[in-house]
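Okay, so here's the structure we're looking at.
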Amino acid sequence: MVINDLKQVCQQCAGSGRQAAFSEWGIAQINPDGRCHTCRGRGFELTALGHELLELLRPFVEEIVADRQPAPPKEAQDEAP
């Protein structure tokens with residue numbers, strides 16, 4: 001498996017992640033933040049295989065992040081009802 005199996009270059013912004021304007025209902029609209037609306041500024045879109053892999057790994061990543069959350073300060077634990 002290669003990275004191209006998981007993601008592809010955004011066709012809207014040609015991989016730059018930036019887009020000065022976009023068309024909505026056939027009317028050109030200024031893009032205030034400049035990020036591409038299609039790829040959300042990343043410059044790539046996930047393929048179907050990429051989406052499947054992301055959904056497979058999401059629970060494991062969320063568990064790791066939850067385990068790394070610092071414990072609340074001891075004073076806050078004592079004040080809790």
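Quick note: the coordinates plus some simple rules give every number you see, no bench work behind them. Being a predicted model, the structure only gives us computed values, none of them experimental. Please note: Cβ atoms are built from the backbone with ideal geometry, for glycine as well, and neighbour counts cover all protein chains shown.
For this structure, a couple of remarks:
- Taking only Cα atoms of the chain, radius of gyration then Dmax in Å: 20.1, 59
- Entry note, the chain: the mean residue ellipticity at 222 nm calculated from DSSP H runs of n ≥ 4, each adding -39500 (n - 2.57), is -10500 deg cm²/dmol after division by the residues and rounding to the nearest 500.
- In degrees, nearest ten, helix 48-68 long axis to first principal axis of the chain (Cα): 30 degrees
- Maximal additional length on extending the Gln29-Ala66 stretch stands at 9.3 nm, based on 0.36 nm per residue less the C-alpha distance.
- Positive-pole candidate from Leu53, Pro32, Cys10, dipole of the range 3-69, charges at beta carbon: Pro32
- Its relative contact order, with pairs defined as Cα atoms under 8 Å and 6+ residues apart, puts the chain at 30 percent.
- FRET E, pair Asp5, Thr38, Förster distance 25 Å, beta-carbon r, rounded to 0.05: 0.80
- Listed peptides 35-42, 59-66 by packing density, highest first (mean Cβ within 10 Å): 35-42, 59-66
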